[in-house]
Structure formats: structure tokens, C-alpha cells
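Okay, structure first, notes after.
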Amino acid sequence: MTKYLEIGQVVNTFGIKGMIKVKPFTDDIKRFDKLKTVYIENKTARKEYDVEEVKYHKDMVLMKLKGINTLEEANLLRQSYLLVDRENEEPLEEGVYYIVDLIGLEVYTDEGQLLGNVEDIFNTGSNDVYVVKNQLGKQILLPGIPDVLKDINLGKKRITVHLIPGLM
């Protein structure tokens with residue numbers, strides 16, 4: 001499992017006092033209220049910052065980080081990712097998983113047929129969709145609904161699914 005979890009991306013600056021605008025990658029946007037420190041990561045580095053202030057504007061998070069005090073300093077963080085240390089996160093409810101932990105898991109039918117590995121997961125609004133890719137590169141899209149997802153076993157790195165008519 002990865003040590004850090006991506007929770008958002010810095011998409012812009014806000015105001016002239018060094019605030020950043022963050023696109024959240026979480027179902028619970030209010031989780032940002034509890035943050036004391038975050039890591040900002042770009043292609044070359046990861047740096048820890050203390051969180052001074054959090055506000056919300058539409059579906060975005062506005063953050064003031066200690067040491068970032070000007071528009072120019074905030075602008076240098078654009079397109080970087082916001083991460084948190086997994087150890088500081090509250091435990092997830094049973095049956096809820098971080099997407100990063102599901103990527104790469106093998107997907108088998110309830111009849112034992114290997115379909116491939118989870119390549120991506122995206123949300124359609126009503127449910128998640130699991131993108132499963134086999135060794136030949138063929139993709140299968142599986143809805144993340146109870147009728148299809150029968151078992152997720154992180155220890156065995158395996159997901160068992162039931163193929164309902166029309167999926168393949």
C-alpha cells in the first residue's frame with residue numbers, strides 16, 4: 001500500500017495573499033477541515049506544508065499554506081498534487097476502499113475466470129465504474145454495484161465479480 005494518498009490537485013491561485021484553489025479527489029470535501037499538514041508534490045519534489053486556513057468555493061477548496069504568502073509563490077504550486085500521510089487518516093468504513101489500493105488487483109468471475117487487472121476506476125455520478133484490462137489489452141467496464149462486485153480481498157489482491165447479462 002502506498003504511504004501517501006492523493007486528495008486533490010492545485011488548479012489555480014486565489015487572491016493575492018497566497019491562497020491556492022484545489023480540485024478535491026474525495027467524496028467528503030469537508031475532510032479538508034481536519035487537515036493540519038499536507039504534502040505538495042510535483043514532478044520533481046514533495047514538500048510538507050502546515051495548513052493555516054481552509055475555505056470552500058463552489059466545488060473547490062481554497063487553502064492557505066504556511067510559507068506561501070504571495071500570488072507568485074502560490075502560482076508555483078499550480079498543477080501539483082495534494083497528498084496526505086495514510087497513517088494520519090481515519091479508518092474507512094467496512095466495504096469502502098481507496099482507489100489507489102484497488103488499482104492493479106486481479107479480477108476474477110465467480111466461476112474462476114481471470115478477466116484481467118483493475119486499470120482505473122471512475123465515477124459516473126450514480127456509481128463507480130471499474131476499468132479492467134486483460135493481457136491482450138482488451139478493456140471491460142464493470143459497474144461498481146453489489147450485483148456485480150461480490151468480493152474485494154486486498155490481502156489476496158483479488159476482486160471477484162458476477163457477470164450479469166449484457167456486460168460482455
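Taking only the C-alpha atoms of the stretch 41-95, Rg followed by Dmax gives 13.6, 43 Å. Computed over the chain, relative contact order equals 19 percent, with contacts defined as Cα pairs under 8 Å that lie 6+ residues apart.
Evaluated on the stretch 59-157, the Kirkwood hydrodynamic radius is 16.6 Å, with distances taken between all distinct Cα atoms. Shown here: Cα extents along the principal axes in Å, derived from the displayed model; of the candidates (i) 41, 39, 33; (ii) 45, 34, 33; (iii) 58, 30, 27, it corresponds to (iii).
Taken together, the values in this text are just the output of simple stated rules run on the coordinates, not laboratory data. All values reported here derive from a predicted model rather than from experimental measurement.
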